[in-house]
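The values are calculated or read from the model by the stated rules, or taken from the named source; none is laboratory data. Quick caveat, the model's predicted, so the values are computed rather than measured. Positions of Cβ are backbone-derived with ideal geometry, glycine not excepted, and every protein chain shown enters the neighbour counts. Surface accessibility is based on the protein's heavy atoms, side chains included, excluding ligands, DNA and RNA. Shrake-Rupley method; radii C 1.70, N 1.55, O 1.52, S 1.80 Å.
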Amino acid sequence: MSESLPVRCPACRRSHRFTAPAYPCACGAPVAAPLDPDRVPAAVGHRSWREEWVTVRCGGCGTRGEWPQPELGCPCGTVLRIPVTGERAGAAAGEPRRPAVPTVPIRTARDAVTAAVLYLRRLGHDGIRRADQRPASGIGLAGPHVLAQLDPSARPATPRDVECLWLTAMTESATCLYFSLTGYTEEAVARANALDVPLFVLEPSGAARPENAPAVALDADAS
């Protein structure tokens with residue numbers, strides 16, 4: 001069960017009751033960040049990628065995952081970052097299970113970014129951040145020697161989308177992969193196969209489904 005605690009906005013002094021959101025681990029157990037009642041929530045002045053995440057261990061399978069930092073939006077316009085305690089199990093402990101990759105259900109574009117970052121970490125890519133060079137469409141993610149594009153739009157990705165990602169990755173001497181919420185045209189899949197660009201579809205559960213041969217091979221290596 002997710003924790004809750006009283007929160008007072010430092011700007012308008014309005015009182016709230018905040019409940020930590022729970023996300024399903026890949027093993028099926030709910031994971032919620034443990035809230036710290038002894039620390040005062042702080043208003044978010046500026047955002048940094050590192051402060052967007054907290055590490056929580058799933059009590060069901062023992063996997064340590066990176067999950068969104070709990071935040072509360074006050075009607076006055078202030079966004080509060082809710083403090084959490086040190087790493088702790090987010091679900092009741094049970095029988096040990098095989099560690100699994102955490103996923104986040106996709107309801108918003110931010111959820112899609114979280115799901116893509118979690119999958120990139122599964123592949124061994126740490127230090128993922130927003131790419132300095134914004135793609136023509138979608139959201140760019142970058143890490144050491146890797147470049148990814150996330151397309152949250154309702155249209156299937158096109159060959160031009162794939163080619164632009166591949167060219168940008170070539171100029172930065174990085175490997176690349178593409179995430180889409182909707183899928184790809186047949187021409188885009190054929191072009192990605194020719195360029196050896198892995199294509200993935202992010203399912204509503206947050207899981208990344210390989211859509212072409214390079215993606216299948218990459219996913220198998222990460223399993």
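Tabulated values for the structure
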item	result
Near pairs, Cβ below 8 angstrom, 6+ apart or cross-chain, from the range 121-136 (farther than 16 Å from Leu150 by Cα) to any residue that is at pLDDT below 85 and assigned to a loop (DSSP other than H, G, I, E, B)	Arg122/Val101
Matching entry among Leu118, Leu199 (being surrounded by 16 or more Cβ atoms within 10 Å (Cβ to Cβ), over 30 Å from Pro30 (Cβ atoms) and in contact (Cβ under 8 Å) with a residue 24 or more places away in the chain)	Leu199
First in the range 4-21 and more than 11 Å from Leu35 (Cβ to Cβ) and open to solvent by 50 Å² or more (accessible area, probe 1.4 Å), second anywhere and polar (S, T, N, Q) and assigned to a strand (DSSP E or B), Cβ under 9 Å, 6 or more apart	Arg8/Ser15; Arg17/Ser4
Some residue of the range 76-84 being in a strand (DSSP E or B) and either modelled with pLDDT under 85 or in contact with a Lys or Arg (Cβ under 8 Å, 6 or more places away or on another chain) (or both)	no
Filter result (more than 18 Å from the chain's Cα centre (by Cα) and either among the aliphatic types (A, V, I, L, M) or more than 17 Å from Phe200 (Cα to Cα) (or both)) within the range 135-161	Pro135, Ala136, His145, Ala154, Ala157
